[in-house]
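The values are calculated or read from the model by the stated rules, or taken from the named source; none is laboratory data. In this text the structure is predicted, and so the values were computed from the model without any measurement. Here the Cβ positions follow ideal geometry from the backbone for every residue, glycine too, while neighbour counts run over all protein chains shown. Note: accessible area is taken over every heavy atom of the protein model, side chains too, but ligands, DNA and RNA are not part of it. Shrake-Rupley method; radii C 1.70, N 1.55, O 1.52, S 1.80 Å.
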Amino acid sequence: VFRELNEGLAEVVAAAPGRLIGMGNVPLQDTSLAIRELRYCLDDLRFRGIHIATRVEEEELSAPRLEPFWSEVEASGAVVVIHSNGHDNVARLGHHYMINVFGHPMEATLAAGHLIFGGVMERHPDLKIVLVHGGGYLPAYAARMDHAYHAREDVREGLPHPPSEYLKRFYLDTMVFAEDQLRFLVEKYGADK
C-alpha cells in the first residue's frame, strides 16, 4: 500500500517539475519495512523526506524499536514532517469540532514531548523534524517543561539539557492563523525554524 501511494505521489510531483517537492510515507508499524521504504523514497523516487503521524497506533514515536529508523533518518538527512490524524479522545473532543481545533495541536505537542523526553532528540541531534500547527501548544509553553526538568529528577532522566533546548531543534510550520502568533514563533525560535 505504501509503495503504491509513494509511486502515485511521485507521478504527481513529476507532472509539476520545479513546483512540488516529494514527501513519501513509510509504514512505521514495521521498523525494517519503514527503513526500506524510506530508502526507496529518497534514493529511487528522489523525495526530500517523509510524512509520518504523531504516533504508531498506540505506540509513541520514541518507542525503542524505532531507534534504527531514527538513526537512518538522521544519517540520510531527510526531512520528517509530523502531522496528526486528530486525537482519539472522542468523549472529550467529539463536540464543536474540538477533535480538530484542539486535537491536532495537542497531538503535535505530545509527539514533540515524547521525542524530547524519550531521548530521541538527544541521541539524534541532526534530525530535521517539522511540527505542523506551529508545533502545537508546546512552543508557547516550553518554560513549564524546563521548570519540571529543574524540579524533578524523573524529568531529567536521560536528558543532559533542559527540554526547551531540544525544542529549538524542531522546525515549526506557519499554520497558526494569527499574525501575532507567527511573530511570537519567529521571535522565540527564529525565522530559520
*Hey, can you tell me all the residues within the stretch 37-69 that are in a helix (DSSP H, G or I) and within 29 Å of Ala14 (Cβ to Cβ)?*
Glu37, Leu38, Arg39, Tyr40, Cys41, Leu42, Asp43, Asp44, Phe69
*Please find, within the stretch 59-79, the residue that is most open to solvent (accessible area, probe 1.4 Å) out of those that are of a type in the set (Gly, Ala, Ser) and out of contact with any strand residue (DSSP E or B) (no Cβ under 6 Å at 6 or more places or on another chain).*
Ala75
*asked:* For the condition free of Cβ contacts under 8 Å to residues at least 40 places away in the same chain, of a type in the set (A, V, I, L, M), buried (at least 16 other Cβ atoms within 10 Å of the Cβ) and in contact with a strand residue (DSSP E or B) (Cβ under 7 Å, 6 or more places away or on another chain), what is the one hit in Ile82, Ile99, Ile52?
replied: Ile52
_Among the residues listed as Ala75, Ala10, Ala34, Ala91, the single one being farther than 21 Å from Met175 by Cβ, without any contact (Cβ under 8 Å) to a residue 40 or more places away in the chain, assigned to a helix (DSSP H, G or I) and under 16 Å from the mean Cα position of the chain (by Cα)_ = Ala34
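Kindly indicate whether Asp44 is under 24 Å from His114 (Cβ atoms) and open to solvent by 40 Å² or more (accessible area, probe 1.4 Å).
Considered against the rule, which asks whether it is under 24 Å from His114 (Cβ atoms) and open to solvent by 40 Å² or more (accessible area, probe 1.4 Å), Asp44 comes out as no.
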*helices (runs of 4 or more DSSP H) wholly in the stretch 104-193 with at least 1 residues that are open to solvent by 80 Å² or more (accessible area, probe 1.4 Å) and under 25 Å from Asp88 (Cα atoms) - which ones?*
142-151
*Only one of (1) touching a Lys or Arg at 6+ places or on another chain (Cβ under 9 Å); (2) in a helix (DSSP H, G or I) fails for Asn100. Which number is that?*
(1)
